[in-house]
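J.: Sharing a structure, written as structure tokens. Questions coming.
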Amino acid sequence: MSLLVVGTMAFDAIETPFGKTDKIIGGSATYAAYAASNFTHSIKQVSIVGEDFPEEEMKDLSDRGVELEGVEVVKGKKSFFWSGKYHLDMNTRDTLVTDLNVLADFNPVIPDSYQGAEFVMLGNVMPALQKKVIEQLKERPRLIVLDTMNFWMETAMDDLKEVLTMVDLLLVNDSEARQLAGEYSIVKAARKILSMGPKYLIIKKGEHGALLFHENNVFFAPALPLEDVFDPTGAGDTFAGGFMGHLVKTKDVSFENMKTAIIVGSALASFCVEKFGPERLKEITKQDIDTRLDEFVQLVNFDIKLV
């Protein structure tokens, strides 16, 4: 089973209450690939970078089984760059700089060698590009997952609604779900979004966990309480990569297995925030992941005696 990941590979400059870094590797596809590579060595990456993107980073990804044929390298141009500053609560941030650079000309092309991928993760890029990727697929994947954000709801809502009819699962945070549905109640918003096309919906709530919706079923997964959160950048993309990685490994797209996949995604995201950028994701072992998953089990495990 293989996973096709479409998204950004970029540089970030980040300031949090715990420190500051001027230029580190970032991008939705980068985080997702590092997370998913813990579960599958068949990841097909589609992105665009400038000639400034480090060769050693490409090698790190390649060594983890990430195929890079679909990553366009543009000579003489710079990679996408984002700079942000997080507030004390780490849930809110200010964007300081957004330099699209090569991303302004991103025109994703699916190589022939990528055809037949059973799982597709469409990272947070322009909805028209997400649609273009789907239209290039010669076979219908088992699962297409879409990530999006409020910016596209404000600037490309028609395109977003069209691509929602073409995917199986939508991944958004709680404020984005409310905006997309025009409903304050998360449950009402979920019901409305599911009527737009996706069979499944995941609503991320940051440090408060995530919700999975399918038909009349709802599952809640907590986030692990952490003493230190150094950098939340990429946590959502890491969550998506862990979620998809588990589904690819188990070859099971049932609602019951997605419950487990959400916990796996949450575990990977809890590692991501422990250091700046994807550095922590590069270090973790299977034993680390298993130990962290056990912590999640203990977090929600209890006995109840009815009297």
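J.: Going by the structure shown, is L146 modelled with pLDDT of 95 or more, part of a strand (DSSP E or B) and either within 23 Å of K44 (Cβ to Cβ) or not β-branched (V, I, T) (or both)?
T.: Criteria met by L146.
J.: When you check L4 against the structure, is it modelled with pLDDT of 95 or more, within 21 Å of G265 (Cα to Cα), part of a strand (DSSP E or B) and of a type outside the set (S, T, Y), yes or no?
T.: Spelling it out, L4 is indeed modelled with pLDDT of 95 or more, within 21 Å of G265 (Cα to Cα), part of a strand (DSSP E or B) and of a type outside the set (S, T, Y).
J.: While we're here: Given the condition modelled with pLDDT of 95 or more and polar (S, T, N, Q), answer yes or no: does some residue in segment 10-20 qualify?
T.: no
J.: Looking at A181, A189, which one is of a type in the set (A, V, I, L, M), more than 30 Å from I25 (Cβ to Cβ) and crowded, with 22+ Cβ neighbours inside 10 Å?
T.: Exactly one residue qualifies, and that residue is A189.
J.: Could you give me the residue pairs with C-beta distances under 8 Å whose first residue belongs to segment 79-106 and is free of Cβ contacts under 8 Å to residues at least 24 places away in the same chain and surrounded by fewer than 11 Cβ atoms within 10 Å (Cβ to Cβ), whose second residue is in a strand (DSSP E or B) and small (G, A, S) wherever it lies, and which are 6+ apart or on separate chains?
T.: What qualifies is D94/G84; T95/S83; T95/G84.
J.: Out of the residues in segment 192-205 meeting the condition of being out of contact with any helix residue (DSSP H, G or I) (no Cβ under 6 Å at 6 or more places or on another chain) and surrounded by fewer than 17 Cβ atoms within 10 Å (Cβ to Cβ), tell me which one is farthest from N257 (Cα to Cα).
T.: Among residues in segment 192-205 that are out of contact with any helix residue (DSSP H, G or I) (no Cβ under 6 Å at 6 or more places or on another chain) and surrounded by fewer than 17 Cβ atoms within 10 Å (Cβ to Cβ), the one farthest from N257 (Cα to Cα) is S195.
J.: Please go through (1) hydrophobic (A, V, I, L, M, F, W, C); (2) assigned to a helix (DSSP H, G or I); (3) closer than 23 Å to N91 by Cα for A261 and return the number of the only condition it doesn't satisfy.
T.: The single condition A261 does not satisfy is (3).
J.: A further question follows. I'm trying to understand the selection: among the residues of segment 30-44, which are out of contact with any helix residue (DSSP H, G or I) (no Cβ under 7 Å at 6 or more places or on another chain), at pLDDT 95 or above and not β-branched (V, I, T)? Even if it seems obvious, please write down each step before you answer.
T.: Within segment 30-44, the subset out of contact with any helix residue (DSSP H, G or I) (no Cβ under 7 Å at 6 or more places or on another chain) is 30, 37, 41-42.
Narrowing further to those that are at pLDDT 95 or above: 30, 37, 42.
Of everything in segment 30-44, those that are out of contact with any helix residue (DSSP H, G or I) (no Cβ under 7 Å at 6 or more places or on another chain), at pLDDT 95 or above and not β-branched (V, I, T) turn out to be S37, S42.
J.: Restricting attention to segment 278-299, which residues are outside any loop (DSSP other than H, G, I, E, B), in contact with a helix residue (DSSP H, G or I) (Cβ under 9 Å, 6 or more places away or on another chain) and closer than 20 Å to D12 by Cβ?
T.: Hits for segment 278-299 are R280, L281, K282, E283.
J.: Could you check L146 against (1) surrounded by fewer than 19 Cβ atoms within 10 Å (Cβ to Cβ); (2) in contact with a strand residue (DSSP E or B) (Cβ under 6 Å, 6 or more places away or on another chain) and say which number it fails?
T.: In the conditions (1) surrounded by fewer than 19 Cβ atoms within 10 Å (Cβ to Cβ); (2) in contact with a strand residue (DSSP E or B) (Cβ under 6 Å, 6 or more places away or on another chain), L146 misses (1) alone.
J.: Within segment 211-229, how many residues turn out to be under 18 Å from the mean Cα position of the chain (by Cα), at pLDDT 95 or above and not aromatic (F, W, Y)?
T.: 2
J.: Find the strands (runs of 3 or more DSSP E) located wholly in segment 72-131 whose residues include 2 or more that are under 21 Å from D231 (Cα atoms) and of a type in the set (D, E), and list them.
T.: 93-99
J.: In the set Q130, Q136, which member is of a type in the set (S, T, N, Q), more than 18 Å from T8 (Cβ to Cβ) and either crowded, with 16+ Cβ neighbours inside 10 Å or in contact (Cβ under 8 Å) with a residue 12 or more places away in the chain (or both)?
T.: From the options Q130, Q136, the qualifying one is Q136.
J.: Still on this model: Only one of these is over 30 Å from E139 (Cα atoms) and buried (at least 22 other Cβ atoms within 10 Å of the Cβ): T233, T238. Name it. Before you say what the answer is, go through the steps one by one.
T.: On the way: T238 fails: over 30 Å from E139 (Cα atoms).
The match here is T233.
J.: Kindly evaluate G19 against the criterion of being on the phi > 0 side of the Ramachandran plot, more than 14 Å from the chain's Cα centre (by Cα) and in contact (Cβ under 8 Å) with a residue 12 or more places away in the chain.
T.: Considered against the rule, which asks whether it is on the phi > 0 side of the Ramachandran plot, more than 14 Å from the chain's Cα centre (by Cα) and in contact (Cβ under 8 Å) with a residue 12 or more places away in the chain, G19 comes out as yes.
The values are calculated or read from the model by the stated rules, or taken from the named source; none is laboratory data. Remember, it's a predicted structure, so these values are computed and weren't measured experimentally. Positions of Cβ are generated from backbone atoms using ideal geometry, with glycine treated the same way; all protein chains shown enter the neighbour counts.
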